[in-house]
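Peer 1: A single structure is presented below for examination.
No value in this document is a laboratory result; all are computed from the given coordinates. None of these values were measured; they are calculated from a predicted model. Ideal geometry is used to build each Cβ from the backbone, glycine not excepted, and the neighbour counts take in all protein chains shown.
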Amino acid sequence: MSEAAFLQDVTGQNGLVAADRLSAVLRITRSELAVAVGVSRDAVAKSSRVVTPATQSRLRDMVEILNRVRAWSGSPQQAFAWYRSQPIASFGDQTAEALVKEGRAEAVKRYLDRITVSGYA
């Protein structure tokens with residue numbers, strides 16, 4: 001699956017991340033998706049809440065991180081496993097999931113850029 005294909009699979013016609021599509025691609029429930037990005041279940045289950053800037057920002061951050069990791073992990077599901085469980089030494093062994101929940105997604109993206117370019121962080 002290419003970068004564009006993954007993004008197309010999880011994005012609705014309005015250009016926003018579609019929580020139902022993302023959870024289907026990752027083979028998780030919306031409740032699990034909410035936990036993974038640090039929002040309430042209602043934020044990803046109710047159509048009026050999933051389109052809010054705060055929810056979309058968290059979902060977009062996770063999608064961007066998964067898309068970068070997917071290139072070397074093999075699949076969106078394996079990228080999600082990395083996101084949830086792989087401790088990152090540069091961040092005190094916190095996972096990407098924990099960092100996104102803290103609002104530090106940009107730091108994770110910069111970290112992934114560094115290891116993509118140089119092979120280490």
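Peer 1: Compute the length gained on full extension between residue 7 and residue 32: take 0.36 nm times their separation in residues and subtract their Cα-Cα distance, giving the result in nm to one decimal.
Peer 2: So the chain would gain 7.0 nm between residue 7 and residue 32.
Peer 1: Relative contact order for the chain using alpha-carbon pairs under 8 Å, separation at least 6, rounded to a whole percent?
Peer 2: 19
Peer 1: Also, quick follow-up: Treat each spin label as a single point 7 Å out from the Cα along the C-beta direction, and report the residue 118 to residue 56 distance in nm.
Peer 2: In this crude label model, residue 118 to residue 56 measures out at 3.5 nm.
Peer 1: Once the Cα gyration tensor of the chain is found, what semi-axes does its equivalent ellipsoid get, as square roots of 5 times the eigenvalues, in whole Å, sorted largest first?
Peer 2: They are 23, 16, 12 Å, listed largest first.
Peer 1: Note down the net charge around residue 47, summing +1 for each Lys or Arg and -1 for each Asp or Glu among other residues with Cβ under 14 Å from its Cβ.
Peer 2: In short, +3.
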